[in-house]
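**Q** The structure under discussion is supplied below as structure tokens; questions concerning it will follow.
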Ligand code: DX5
Ligand code: ZN
């Protein structure tokens, strides 16, 4: 299966007082707009919730990629899908019934994503791959933008890519993804790249997105050759 590198800029590093303008700056370049919902319980930071996500959805045509860093996603995540987020990702560490929740998100019309913190192993969740559309492997401890990329997570990305095999499950990385680190992520098998400070910390976010995508695409391993059916 051919994998195209997608870039999902995190608006956590944007100006929260001017979100519509900040979204317009990445329109046409970004594949998704990554929105970090934090509840000050699952992570030690508080950002925004459903009303702001609804305002974002009303102000842009960029598909919205909601990353829920919240407790009890079983209770709160479906509303983000019902509001129109194209992708809703919840944390494995927080979900009580991840299969039921993923099915609920899909039934509401969203792509279902499952996120793992850096110290959470992927093996216990491999049986869930048929139930999800994206696996998010955190490459920093969730909670804040601008942290340093954790190289120690790379083998987990490699293992996840091998387990995904031919399935149509995207593999997202989030945290410390920049021009310095994105090639390592792509080589390991990631295909959706969240970048906050590496996009909004520059003068030209759209150009930063294009540069990141070019690096990721160049570093993406070639898809396994399809066995020839002729001769
Ligand atoms: C952190 C968030 C990330 C954050 C990434 O918990 O999930 O999406 O915005 O920011 P950078 O790219 O600056 O590490
Ligand atoms: Zn995020």
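**Q** In segment 211-231, how many are modelled with pLDDT of 65 or more and more than 17 Å from residue 170 (Cα to Cα)?
**A** Of the residues in segment 211-231, 5 are modelled with pLDDT of 65 or more and more than 17 Å from residue 170 (Cα to Cα).
**Q** So, residue 109, is that one farther than 26 Å from residue 159 by Cβ and assigned to a loop (DSSP other than H, G, I, E, B) or not?
**A** Yes: the conditions hold for residue 109.
**Q** Say we look at segment 190-202 and pick out the residues that are surrounded by fewer than 24 Cβ atoms within 10 Å (Cβ to Cβ), more than 12 Å from residue 136 (Cα to Cα) and in contact (Cβ under 8 Å) with a residue 24 or more places away in the chain; which of these is farthest from ligand 2 (Cβ to nearest atom)?
**A** 201
**Q** Run down 45, 40 and say which single residue is without any contact (Cβ under 8 Å) to a residue 12 or more places away in the chain and within 15 Å of ligand 1 (Cβ to nearest atom).
**A** 40
**Q** Shifting gears a bit: Could you check segment 183-217 and list, in sequence order, the residues that are out of contact with any helix residue (DSSP H, G or I) (no Cβ under 8 Å at 6 or more places or on another chain) and over 18 Å from residue 134 (Cα atoms)?
**A** Those that are out of contact with any helix residue (DSSP H, G or I) (no Cβ under 8 Å at 6 or more places or on another chain) and over 18 Å from residue 134 (Cα atoms): 203, 204, 206, 207, 210, 211, 213, 214.
Okay, residues lined up against (1) modelled with pLDDT under 95; (2) more than 16 Å from the chain's Cα centre (by Cα); (3) not in a loop (DSSP other than H, G, I, E, B):
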site: 163; (1), (2), (3): no, yes, yes
site: 167; (1), (2), (3): no, yes, no
site: 171; (1), (2), (3): no, no, yes
site: 180; (1), (2), (3): no, yes, no
site: 184; (1), (2), (3): no, yes, yes
site: 190; (1), (2), (3): no, no, no
site: 198; (1), (2), (3): no, no, yes
site: 209; (1), (2), (3): no, no, yes
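**Q** Something else about it: I'd like the full set of residues that are within 16 Å of ligand 2 (Cβ to nearest atom), assigned to a helix (DSSP H, G or I) and over 18 Å from residue 201 (Cα atoms), limited to segment 11-68.
**A** Selection gives 52, 53, 56.
The values are calculated or read from the model by the stated rules, or taken from the named source; none is laboratory data. Predicted, not measured: the structure shown is a model, and the values here were computed from it. Cβ coordinates were reconstructed from backbone atoms using ideal geometry, including for glycine residues, and neighbour counts include every protein chain displayed.
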